[in-house]
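First the structure, in the form of structure tokens, and then the observations on it.
The values are calculated or read from the model by the stated rules, or taken from the named source; none is laboratory data. Since the model is a prediction, treat every value here as computed from it, not as a measurement. Please note: Cβ atoms are built from the backbone with ideal geometry, for glycine as well, and neighbour counts cover all protein chains shown. Calculation scope for accessible area: heavy atoms of the full protein, side chains included, ligands and nucleic acids excluded. Shrake-Rupley method; radii C 1.70, N 1.55, O 1.52, S 1.80 Å.
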Amino acid sequence: MKILLTGGLGYIGSNIFLALNQQGHEVIIFDNLANSDISQVSRLSEFINKNVTFVEGDLTNPSDINQVFLTSNIDAVIHLAGLKSVSESITNPLKY
């Protein structure tokens with residue numbers, strides 16, 4: 001199964017990626033790197049001993065995510081992308 005994993009470079013996303021990969025699923029990680037680091041792609045790749053499919057994009061930009069759906073035959077989506085600062089959500093609620 002081909003699965004799109006938004007927010008896939010974060011702590012939870014990375015662990016879900018590894019579990020899905022171990023079960024034989026093809027996973028596309030979609031992340032804007034707001035709460036993660038690009039170096040996580042190479043760490044995951046080393047861990048599974050193969051290339052990781054990573055797309056840098058932002059869900060608030062429809063063309064970023066639309067491109068993934070246009071170029072990949074996605075069977076399922078696991079949505080983990082999100083902001084996580086309580087104090088920032090109070091001071092800037094529209095961002096959240």
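For the chain, state which trypsin sites (Lys or Arg not before Pro) are in a DSSP loop and have at most 12 other beta carbons lying within 10 Å of their beta carbon.
Passing sites in the chain are 50, 84.
In nm, to one decimal, how far is the modelled label at residue 23 from the one at residue 85, with both set 7 Å along Cα→Cβ?
Each label point is offset 7 Å from its Cα along the Cβ direction, giving 3.4 nm.
Which of the three applies to the stretch 48-96, rounded, prolate or oblate, going by the alpha-carbon gyration tensor with a ≥ b ≥ c and a/c under 1.5 meaning rounded?
prolate
Under 10 Å, Cα contacts only: if you run a Gaussian network model on the chain, which one of 52, 27, 77 comes out with the highest mean-square fluctuation?
Most flexible of the set in this elastic network: 77.
Please calculate how many Å² of accessible area the chain carries per residue, with a 1.4 Å probe and no DNA, RNA or ligand atoms counted.
Averaged over the residues of the chain, the accessible area is 65 Å².
Once the Cβ-Cβ distance between residue 49 and residue 70 is put in as r, and R0 is 41 Å, what FRET efficiency do you end up with, to the nearest 0.05?
Efficiency computed from Cβ-Cβ geometry: 0.85.
How about residue 50: which lysines have a C-alpha closer than 24 Å to its C-alpha, ignoring those fewer than 8 places off in the same chain?
The qualifying lysines are 2.
Determine, at each q value in 0.15, 0.17, 0.24 (inverse angstroms), the log₁₀ of I(q)/I(0) that the Debye formula gives when each Cα of the chain is one equal point scatterer.
Relative scattering, expressed as log10 I(q)/I(0), comes to -0.59, -0.73, -1.28.
Provide 39, 63 ordered by accessible surface of protein heavy atoms (probe 1.4 Å), highest first.
So the residues, ranked largest to smallest area, are 63, 39.
Tell me which DSSP H helices of the chain clear both cut-offs, 15 Å or more of axial length from alpha-carbon atoms and a mean Kyte-Doolittle hydropathy of at least 0.5.
Flagged H segments are 11-22.
Excluding same-chain residues fewer than 8 positions from residue 84, which lysines have a Cα within less than 25 Å of its Cα?
Candidates past the 8-residue exclusion: 95.
Scan around residue 28 for amide H atoms under 5 Å from its own, H built in the peptide plane at 1.01 Å from N, and keep only partners 5 or more places away or cross-chain.
3, 4, 5
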